Amino acid sequence: MHGACMATKTISIDLEAYERLSGARREPKESFSQVIKRAEWGEQGKTCGALLASLSKIPVVDDEVLERLERAQAEDAAPDDAWS
């Protein structure tokens, strides 16, 4: 009788990703599949809706602050020598 055959996929990763994956092993015989399956990926990808919701929580800047910023930008001159 044969053991259960598990489908596999070959992927390519850069050296930094390989080193991080390898370093995340709990024991030398732990497979990369096991490491990936126990990984915590954090939040799902950001959406436009999430961005709009977070923007509504940012306080509005008052006109005085905007005027000071505009004045500072208008008064800011490029240096004579951009390399120094």
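Checking the conditions here, which among Lys9, Lys37 is loosely packed, with under 10 Cβ neighbours inside 10 Å, at pLDDT 90 or above and assigned to a loop (DSSP other than H, G, I, E, B)?
Lys9
How many residues are charged (D, E, K, R) and surrounded by 10 or more Cβ atoms within 10 Å (Cβ to Cβ) when one looks only at region 42-81?
4
Which one of the conditions (1) exposed (fewer than 10 other Cβ atoms within 10 Å of the Cβ); (2) charged (D, E, K, R); (3) within 25 Å of the chain's Cα centre (by Cα); (4) assigned to a loop (DSSP other than H, G, I, E, B) does Lys29 fail to meet, given that it meets all the rest?
For Lys29, the exception is condition (3).
The values are calculated or read from the model by the stated rules, or taken from the named source; none is laboratory data. Being a predicted model, the structure only gives us computed values, none of them experimental. No Cβ is skipped: glycine too gets one built from the backbone with ideal geometry, and neighbour counts run over all protein chains shown.
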